[in-house]
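First comes the structure, then the notes that go with it.
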Amino acid sequence: MTTSTTPTTFSELALIQPLEARLIELEYKQPTPIQAHVIPSVLKGKDLIAGANTGSGKTAAFALPLLQDLFAQKSKGGKASQGSRGNYVSGLILVPTRELAKQVSDSIKSYAVHLNGAVKTVCVFGGVSVNTQMLALRGGTDILVATPGRLLDLISSNAIKLDRVRTLVLDEADRMLSLGFTEELSQLLALLPKQKQTLLFSATFPEQVQSLTQNLLNDPVEVQLQSDDASTLVQRVFNVNKGEKTAVLAHLIKQNDWRQALVFVNAKNSCEHLADKLYKRGIEAEVFHGDKGQGSRTRILDAFKSGEIEVLIATDIAARGLDIEKLPVVINFDLPRSPSDYMHRIGRSGRAGEVGLALSLIDYEDLHHFKVIEKKNKIRLEREEVAGFEVDDVVTEEMLAANKPSAKPAGLGKKKRKKKDNGNSDVWLKNS
Ligand code: AMP
């Protein structure tokens, strides 16, 4: 998708020297495709909707031009510089999870180290004391990274005002525009000035979200960089007998010498159950979900990132945007409910051009749902089996159509039937 006019070096992007110097220190040799496409438009003040694979460098794509704009405003003594004199904020970045808020804010602060404190960044999210955040917001801030709920609390206690926001960024925009956030987001949008630049970023933009984005954006530049051939992430799917998923997972963890493995399940208590079951099989795993206090969430994530924790079992709160450097594998123990969450989960591995692996374990009750995930995400994966855990039965299209996956056809027992996939049967078959 790179065109002859797409910048291929950071110097072509006309970033100011303190930012460019920082990128050299960070050993960013050239802009990622999303950065090359997005930065020039954002610098021109355009609205933008950008879809790019998670881990593709989205944060810098909005953070660098935002820092550059605010730095210029401050140097000129422009309106944005008044932000730091009256509880105002100029650049507002909304994200769906606390961990992502911290990660984005840390990245922005890192990119800004040579701006000599000219651009102030504050990060606010729930689950921790509000007082420290109020103190940090005293006198306003140039950039605020926030989760919606906590931001509304801070607005209601007059700790921050949104009337002077110049740029609004919705990171993981599809999640921000989905049902769970509708009310909070519409309250926040109502407090923002009409005239502003709006930037939407997400790996996926499901259809139901696309119509919502129209109302938010003014003549936006559209950037879509979902390219499979550039992907360094290998996706595999294993057919597993019902009741054998834990055994298969334990086997895979033991057999493969993964430095770390991130295992997704669908419920908080499933995290604990699976951790107990793995422990009985000699594998220590930590759990990460919304019932954990923020202190433990941060500690666990840091320990996982540093490699101290090798197996982390998590709900979808870990699916969005988190950057775990060189994470070798993501495993879907439970399939995510929404097809777009599949993309977000697997995007934790294979980030920034690293080689990654995403495995899904499916039993026959998952077959239909996995087909939907494939269809929506325009992928088709060859079904595999794990040696020593071969599946018992053939599941046919008719069984799926009848929506009774547990109703085994009469006479079907262990390895009684083995058919080639001729299009009539699903691939509960050996790939022989
Ligand atoms: P993000 O998609 O923003 O979470 O970024 C994913 C990872 O890519 C982070 O670890 C960034 O530090 C890294 N990164 C971002 N841009 C570049 C670049 N141009 N060159 C190398 N690494 C980058």
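Of all residues in the range 224-251, those satisfying the criterion of being modelled with pLDDT under 95, open to solvent by less than 50 Å² (accessible area, probe 1.4 Å) and either of a type outside the set (S, T, Y) or in contact with a Cys (Cβ under 9 Å, 6 or more places away or on another chain) (or both) are L225, L233, Q235, V237, F238, N239, V240, N241. All conditions in (1) among the hydroxyl-bearing types (S, T, Y); (2) buried (at least 18 other Cβ atoms within 10 Å of the Cβ); (3) outside any loop (DSSP other than H, G, I, E, B) hold for S110, with the sole exception of (2).
Could you tell me whether the range 79-93 includes any residue that is assigned to a helix (DSSP H, G or I), more than 14 Å from the ligand (Cβ to nearest atom) and closer than 30 Å to T315 by Cα? No - not one qualifying residue is present in the range 79-93.
The single condition from (1) more than 10 Å from the ligand (Cβ to nearest atom); (2) buried (at least 17 other Cβ atoms within 10 Å of the Cβ); (3) modelled with pLDDT of 95 or more that Q73 fails is (3).
Yes/no per residue for (1) polar (S, T, N, Q); (2) in contact with a Gly (Cβ under 8 Å, 6 or more places away or on another chain); (3) crowded, with 21+ Cβ neighbours inside 10 Å:
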site	(1), (2), (3)
F125	no, no, yes
L144	no, yes, yes
I155	no, no, no
R164	no, yes, no
S211	yes, no, no
Q214	yes, no, no
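Restricting K79, K44 to those that are over 16 Å from D142 (Cβ atoms) and either modelled with pLDDT of 95 or more or open to solvent by 10 Å² or more (accessible area, probe 1.4 Å) (or both) reduces the list to K44.
If you go through the range 345-355 and keep only what is more than 12 Å from the ligand (Cβ to nearest atom) and either free of Cβ contacts under 8 Å to residues at least 40 places away in the same chain or outside any loop (DSSP other than H, G, I, E, B) (or both), you end up with R345, I346.
Do the conditions hold for A318, that is, is it within 15 Å of the ligand (Cβ to nearest atom) and either under 14 Å from the mean Cα position of the chain (by Cα) or not assigned by TED's automatic domain parsing to the domain that holds N256 (or both)? Judged against the criteria, A318 is a match. Considering only residues in the range 39-59 that are assigned to a helix (DSSP H, G or I) and more than 15 Å from the chain's Cα centre (by Cα), the one that is nearest to the ligand (Cβ to nearest atom) turns out to be I39.
Matching residues to (1) outside any loop (DSSP other than H, G, I, E, B); (2) buried (at least 20 other Cβ atoms within 10 Å of the Cβ); (3) of a type in the set (S, T, N, Q); (4) out of contact with any Pro (no Cβ under 9 Å at 6 or more places or on another chain):
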position: R320; (1), (2), (3), (4): no, yes, no, no
position: L327; (1), (2), (3), (4): no, yes, no, yes
position: Y342; (1), (2), (3), (4): yes, yes, no, no
position: E384; (1), (2), (3), (4): yes, no, no, yes
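Evaluate the following for G139: is it over 29 Å from I346 (Cα atoms) and not assigned by TED's automatic domain parsing to the domain that holds I346? So G139 fits the description; yes. Among the residues making up the range 13-33, those that are of a type outside the set (D, E) and more than 8 Å from the ligand (Cβ to nearest atom) are L13, A14, L15, I16, Q17, P18, L19, A21, R22, I24, P33.
Within the range 166-181, being in a helix (DSSP H, G or I) and open to solvent by 70 Å² or more (accessible area, probe 1.4 Å) holds for R175, L179.
With respect to the conditions (1) out of contact with any Phe, Trp or Tyr (no Cβ under 7 Å at 6 or more places or on another chain); (2) in contact (Cβ under 8 Å) with a residue 12 or more places away in the chain, T132 lacks only one, and its number is (2). Please tell me if A146 is within 16 Å of the ligand (Cβ to nearest atom), under 18 Å from D171 (Cβ atoms) and either touching a helix residue (DSSP H, G or I) at 6+ places or on another chain (Cβ under 9 Å) or of a type outside the set (D, E, K, R) (or both). Against the criterion (within 16 Å of the ligand (Cβ to nearest atom), under 18 Å from D171 (Cβ atoms) and either touching a helix residue (DSSP H, G or I) at 6+ places or on another chain (Cβ under 9 Å) or of a type outside the set (D, E, K, R) (or both)), A146 does not qualify.
The values are calculated or read from the model by the stated rules, or taken from the named source; none is laboratory data. Given the structure is predicted, the values throughout are model-derived calculations rather than measurements. In this analysis, Cβ positions are derived from the backbone assuming ideal geometry, glycine residues included, and neighbour counts consider all displayed protein chains. Ligands, DNA and RNA are excluded from the accessible area calculation, which covers all protein heavy atoms including side chains. Shrake-Rupley method; radii C 1.70, N 1.55, O 1.52, S 1.80 Å.
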